[in-house]
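The values are calculated or read from the model by the stated rules, or taken from the named source; none is laboratory data. Everything quoted here is computed from the prediction, not taken from an experiment. FYI the Cβ positions are ideal-geometry reconstructions off the backbone, even for glycines, and counts take in every protein chain you see. SASA here: full protein model, heavy atoms, side chains in, ligands and nucleic acids out. Shrake-Rupley method; radii C 1.70, N 1.55, O 1.52, S 1.80 Å.
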Amino acid sequence: MAKFKIKTGDLVQVISGNKQNKGKQGKVLRVITETSRVVVEGVNVVTKHQRASAQGEAGGIVKTEAPIHISNVMLVDPETGKPTRVGYRTETVERDGKQKTVRVRVSKSTGKDL
């Protein structure tokens with residue numbers, strides 16, 4: 001399983017792709033690690049024609065977000081509002097009287113915690 005620097009709930013910007021999606025910002029709804037894809041809110045919206053089910057759910061045309069490749073998005077720095085690369089910094093934190101090493105995500109452009 002691959003390790004990604006983008007997590008669910010992060011604000012990301014689409015940096016490449018078609019002209020409808022490029023430059024859009026949205027919140028990550030889901031990260032699919034098996035295929036290295038993310039589902040971003042309001043980006044890559046597709047229309048599906050759905051048949052009514054036997055349980056009584058209505059059919060019709062449904063708009064949903066389709067996944068895009070994780071390499072096409074960058075994390076947005078909350079301070080500047082621009083896309084940035086992500087790095088990690090290790091810190092030692094004392095919890096319950098014990099020393100623990102914690103990895104903290106850091107913006108490469110500003111150096112601040114994400």
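Residues in region 1-38 that are among the β-branched types (Val, Ile, Thr), in a loop (DSSP other than H, G, I, E, B) and farther than 24 Å from residue 103 by Cβ: 15, 35.
Remark: pairs (first residue in region 93-111, of a type in the set (S, T, N, Q); second residue surrounded by fewer than 10 Cβ atoms within 10 Å (Cβ to Cβ); Cβ separation under 9 Å; 6+ apart in sequence or on different chains) = 99/92; 101/90; 101/92.
Of the listed requirements (1) among the polar types (S, T, N, Q); (2) open to solvent by 40 Å² or more (accessible area, probe 1.4 Å); (3) touching a residue at least 12 places away in the same chain (Cβ under 8 Å), residue 36 misses just one: (2). For region 84-102, taking the residues that are open to solvent by 50 Å² or more (accessible area, probe 1.4 Å) and under 19 Å from the mean Cα position of the chain (by Cα), the one that is farthest from residue 35 (Cα to Cα) is identified as 88.
When region 38-60 is examined, which residues are found to be of a type in the set (A, V, I, L, M, F, W, C) and at pLDDT below 90? Of everything in region 38-60, those that are of a type in the set (A, V, I, L, M, F, W, C) and at pLDDT below 90 turn out to be 52, 54, 58. Across region 6-62, what is the number of residues that are at positive phi and among the polar types (S, T, N, Q)? Residues flagged as at positive phi and among the polar types (S, T, N, Q) within region 6-62 amount to 2. For region 59-83, filtering for residues that are surrounded by 11 or more Cβ atoms within 10 Å (Cβ to Cβ) and over 22 Å from residue 40 (Cα atoms) leaves 0. Listed here are the strands (runs of 3 or more DSSP E) enclosed by region 39-102 that have at least 2 residues being over 24 Å from residue 18 (Cβ atoms) and charged (D, E, K, R): 86-95. Take the conditions within 24 Å of residue 13 (Cα to Cα), open to solvent by less than 40 Å² (accessible area, probe 1.4 Å) and of a type in the set (S, T, N, Q) and apply them to residue 47. Does it pass? For residue 47, the condition - within 24 Å of residue 13 (Cα to Cα), open to solvent by less than 40 Å² (accessible area, probe 1.4 Å) and of a type in the set (S, T, N, Q) - is not met.
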